[in-house]
Amino acid sequence: MDNPISKKPAGIIEKLLFGFRAPWLVIFLLITVFLGYNAAQVRPDASLTKMIPTHHPFIQNYFEYQDDLASLGNVVRIAVEHKNGDIFDAEFQQELQEITDEVFFIPGVNRSGLRSLWTPNVRWMEVTEEGFVGGPVIPDGYDGSEQSLEQLRTNVLRSGEVGNLVANNFESTIIYVPLDEVHPETGEKLDYQEFSEKLETLVRDKYQSDDIGIHITGFAKLIGDLIEGAEQVGLFFLLAIAITLAMLYAYSRCWRSTFTVLGCSIIAVLWQLGIIKLIGSGINPYSMLVPFLVFAIGVSHGVQVINAISHNRVAGFDKLESAKLAFRGLYVAGLTALASDAIGFTTLMVIDIEVIKELAIAASIGVAVVVLTNLGLLPILMSYLGTSKNGVEYEKRIEGERHPIFELFSKFTQPKWAYSAVAVALAMLAWGLINSQNMEIGDLDKGAPELRPDSRYNQDNAFIVDNYSSSTDIFVVMAASAPEQCIAYDNLELMERFSWHMENTPGVQDVKSVVYVSKMGMFGINEGNLKWFSLNRNKYVINASLSRIPDGLINNDCSMAPIIIYLDDHKAKTLQTVVDSVESFNGRYQQEGLDLLMAAGNSGIEAATNSVIEKAQHKMLLWVYGVVIVLCFISFRSLRAVACIILPLAFTTVMSQGLMAVLGIGIKVATLPVIALGVGIGVDYGIYIYSKVKEGLQQGMSLQDTYKYSLDNTGKAVGFTGLTLAIGVATWIFSPIKFQADMGILLTFMFLWNMLGALILIPALARLFRVGNNNQQ
Amino acid sequence: MRSSFAQFGLLLGALFSTAVYAQDGNTTTNTDYEVISAPALSSDEIEREVLIEIASNGQQLVAVGAHGNVIRQDESGSWIQANVDSSVLITSVDFASEEKGWATGHHGVILTTEDGGQTWTRQLDGFQLMELEKAFYQKKVATLQERLETEEDKEVISELEWQLEEMQFQISNIEVAEEEGPSKPFLDILAVDEQTAFAIGAYGTFLKTSDGGANWQVISDKLENPGGYHLNAIIARNSDFFIVGEAGLLFSSENSGEDWTRLESPYRGSLFGAHLDNANNLWVYGLRGNAYVSEDKGQSFEQIETGTRVNLSAGVATDSGEQLIVGHSGTILKVDAALNVELLRHPSGSVMTDIVVVNDGEWLMTGRSGLLHWPAKVTEEEALASQQGAQ
């Protein structure tokens, strides 16, 4: 048993590291305490602006009018359902009144804007010979009697609220709750999570029964649910640690090694979180993935280290010497692999979306930290602790016997096996290519795409969409004019043309704006004669028609009026059709003084995000592959080596794209980084395996022997690495947040597939490209 | 000194040049888009958009409505869109023959067709209407001034002076409107024959053509309407003509629209529609479920117990002697010969503006939600339309 590495001289880094072991330990301890303290203060935040491409022209336009649009969007709808009858029921109305009162007092609610059957601002109106008459829909002297309920029914019918506040089937009614982003008195910002929790405890938990159903939707509720879901992810981290612990022990049969690796990896996570906190970059529902990755990468590199150390112990070296030799043998490959990870992640910076940039920064920092903790701290700790007797004996026992699986893998260097493997891979590649053609940009499910289709939020959303005349996919075009000109006739008339143009665009359900209010106003002030359902050129008539304009349809200085376009869905194709349609209108009708600007509303923002992602996806692939290819070439100085390592990765990339199409996962903010992460980390396997192959070839072995040698040395660790990485991210598949689950599925797939690709295709491709033939004896 | 003069001159020049520049800037702010002359968009949505009236040219049904939309039913029963060179809200349609018809709209637009409703072209718009009216009032002013010069009776003089002031007020109104553009809609049209038609509208607007629409004459002085109330509907049979309007206005003519008399109205609220039944009885209806019938050409009326308080817009007589009157909230009144009312409700609950009988017991209505059927066909589209209409 000789170790070729022991013949190499010790490098300067090794001398520095192992020459001052105790001071290093103190330094590591101090840094850990400091960064750990900072890490403890990291809180998840779900800021909308970080999830959108802030430099896209749509978003720039949106930011310009963000304050003006706020009152339009920030609304919570609470549908109160009478499960055993219609809403014209005394007991139901009493409950409704109580819920309305309850909501009125929740902090953050804009009380004057609150609307329900029981608020005085919900009125019926009628034209009489004398003019308008009207009153609140709850009749004067309401006492719950048959008679007053019948009067209520009449008032509701003539209030025009059917489809808005009252369901089309009269079995539920909505409490419409506008929110104040900033508290008007205290100036405090609205805490979405707290507000969302209050709705749960004070409304849903308190009033939901066999008779009463509560359904809540709205941006504030969605953000609340997202943060709540994100917090559950903390539990997944504990689960990932527990599983990894079990696997590490099964692998090493040494508690000391197990806890050292686990500890060093957790330290890496603490450092990473602490640094993120210090540089002021937050953790969001997307970059939450990073601690899992850092942990898994830490474990996988740690495994390489303890694997080498126990090899050396078996070979008869002492604790310190084993650790030194392990470090000497691994740090080049380790550094190359980690550098390629880190650089692979930084390529994500080309995407102009803050959450992805944060994810890239966090991941790069994390990987840099792993270099220090698991290639620095870990060998030092192990030089004190050493592999336990139990671990050394286990290693000794299994070292002699060759695992049947490795026998199988090494067969792929034989021509017959190699060609079959390549043929199978090509067939699968074809499957991936064909399916990946169906891959779509953006979110594909109904409702709030951030959450699962069957989540309570999306069920509530579906209830409201089904029973009321409203779509939740909203695309807003901002009609911008000079101040005081937003309701000038020329502008309104062009907006009217635009609305009709958009209503004739496929995928558009309805268009509403100040134009519609003016036309309804004309209809109203002309005694309900529909022949007047038109704009008028006279500015006094226009003003009169707009006397009852709802909040948000024009801004304070009348320089902008949002045109709200309700869509069938938010699929990328629908959004693109809408964007194209707006552009073609703008191309045809140029009017000085009026700009029809895209875009706000959830669908407008999504359209911008989609366009950024569509452009970024190819750019990002080029970058990540470019970087990985260059790194591999620098390490191995051989194009054939590069091909052997890169082709299996490319194969996995195509397969995962096919998988996305088959599973209905779109390319979006969450899934775009996954491919870069998968490639960046996946290349590690190839680097470890190929570096051993190179070593073997240099010793003059045949390809098959070389590969056996390589598998003996790193195969087990590579297999283990693939599994730990997969487990780290697989827990995400159970996240209540849909995009986290999507990331989990894809990363798990990529990590496992990259591992298999490396183990099977590298030898097969090496055979195909006649690697090592020159050296064969 | 000289230099300061030179500077002053430069400054002045700069001021002038900016003033000129600003004027240039103003002339280019004219919009490319004018609703009066913009052709109607082709659309699949018309049957669900606002439609106001429906009429037959003897062969086919033609319906008109928002955005210059006109649709006509082809032999197979499906609806096809007509070519219209305007995008205003079209408020009425009537045919003189299988080929010749007229339609009216907002912004003073009158359209005509020579091919049974396939293509519609503008004969008049609000800008021309303002010129016509201005000339009309100027002529009135000239006549009044002439009479004032010769008149000696003081009472007559003060009456004429009052009239003169009124006419001059109308002219200054038009001059103000010339800056903003036309704001008066036409509200109804009556096609008498291929040459003759009457158009009525807001603020007492009343026009006639006797040459197929090549020239339109202002004849609003034929109606005694000093308040300038809106004229809502015009109907005729043989030589008996009727007009109803705002605030209970009711006029009749016994000589095909040459001379008009104001009748005593049964109702002081607005009347939106009128029709003549098979026995030549006159039906009028309007605000708050008010409907009346007259057996003596409008001299006396009997009120109908409609049992509803919604607005009533339009009506038609069936072959079997019943009257169908439509209105808001999906309301259809079916009135039999004994004046018993059956109240039907279209499930859309929508605002309805016109009705035609297609077959016995089978009717088509227009309104806020487009075309509606009776018996109600609640297709998915109609259900959606009804939701929108209810808002």
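A short reminder: the numbers here are calculations on the coordinates, not readings from a lab. Predicted model only: the values in this text are computed from it and were never measured. Note: ideal-geometry Cβ built from the backbone for every residue, glycine included; neighbour counts use all protein chains shown.
Brief remarks follow.
- In chain A, the longest principal axis of the Cα atoms and the axis of helix A:601-636 are about 10 degrees apart.
- Dipole orientation for segment A:163-313: of the candidates A:THR201, A:ILE214, A:TRP271, A:TRP271 has the Cα lying most toward the positive pole (charges on Cβ; Lys, Arg +1; Asp, Glu -1).
- Net charge of neighbours whose Cβ lies under 10 Å from the Cβ of A:GLY391, counting Lys and Arg as +1 and Asp and Glu as -1: +3
- Over the Cα atoms of segment B:217-284, the radius of gyration divided by the Kirkwood radius equals 0.94; this is the Rg/Rh ratio.
- Loop trypsin sites (Lys or Arg not before Pro), segment A:509-576, which have at most 15 other Cβ atoms in a 10 Å radius of their Cβ (DSSP): A:ARG548
- In degrees, nearest ten, helix B:2-28 long axis to first principal axis of chain B (Cα): 10 degrees
- In order along segment B:172-188, the phi-based Karplus estimate (6.51 cos²θ - 1.76 cosθ + 1.60, θ = phi - 60°) of 3J(HN,Hα) comes to 5, 4, 5, 5, 5, 5, 4, 6, 7, x, x, 10, 8, x, 7, 10, 7 Hz; Gly and Pro are listed as x.
- Cβ-isolated cysteines (cut-off 4.7 Å), the protein assembly as shown: A:CYS254, A:CYS264, A:CYS632, A:CYS644
- Gaussian network model of chain B, springs between alpha carbon atoms under 10 Å - residue of B:GLY227, B:GLY245, B:GLY330 with greatest fluctuation: B:GLY227
- Global form of segment A:556-702, assessed from the alpha-carbon gyration tensor, a/c cut-off 1.5: prolate
- Note on chain A: Cα-only Rg and Dmax are 32.1, 110 Å.
- Relative contact order [Cα under 8 Å, 6+ residues apart], chain A, whole percent: 18 percent
- Distance from the Cα centroid of segment A:644-710 to that of segment A:239-277 is 24 Å (rounded to whole angstrom).
- Electrostatic bookkeeping for A:SER300 treats Lys and Arg as +1 and Asp and Glu as -1; over the other residues with beta carbon under 15 Å from its beta carbon, the sum is -1.
- Least to most buried among A:MET560, B:MET365 (fewest other Cβ within 10 Å first): A:MET560, B:MET365
- Cα radius of gyration and Dmax for chain B (Å): 24.8, 100
- Computed over segment B:236-391, Cα set: Rg, Dmax in Å: 15.8, 50
- Karplus-based coupling profile of segment B:296-303, in residue order and whole Hz: 10, 6, x, 6, 9, 10, 10, 7, with θ = phi - 60° in 6.51 cos²θ - 1.76 cosθ + 1.60 and x standing for Gly or Pro.
- Only beta bridges with both residues in segment B:45-135 are counted; by DSSP, about 90 percent of them are antiparallel.
- Greater than 26 Å apart at Cα, pairs in A:LYS277/A:LYS615; A:LYS324/A:LYS389; A:LYS189/A:LYS221: A:LYS277/A:LYS615
- Straight-distance candidates among the lysines for linking to A:LYS716, with alpha-carbon spacing under 17 Å and chain neighbours fewer than 8 residues away dropped: A:LYS396, A:LYS411, A:LYS692, A:LYS708.
- GNM result for chain B, Cα springs below 10 Å: residue of B:LEU144, B:LEU190, B:LEU61 fluctuating most strongly: B:LEU144
- Of all lysines in the structure, the ones whose alpha carbon falls short of 20 Å from that of B:LYS334, not counting any fewer than 8 places away in one chain, are B:LYS377.
- A:CYS558 paired with B:ALA214, simple spin-label distance in nm, labels 7 Å along Cα-to-beta-carbon: 4.6 nm
- Amide H contacts under 5 Å for B:TRP120, placed H, 5+ residues apart: B:ASN83, B:VAL84, B:ASP85
- Proximal lysines to B:LYS184, defined as alpha-carbon separation beneath 24 angstrom and excluding residues fewer than eight positions away on the same chain: A:LYS519, A:LYS531, A:LYS539, B:LYS134, B:LYS139, B:LYS140, B:LYS208, B:LYS222
- On Cα atoms only, tilt of A:255-278 relative to the major axis of chain A in degrees: 40 degrees
- Descending principal axes extents, segment A:308-453, alpha-carbon based, whole Å: 61, 46, 30
- Selection from B:LEU144, B:ALA177, B:ILE157, by position along the positive dipole direction of segment B:132-178 (Cβ): B:ALA177
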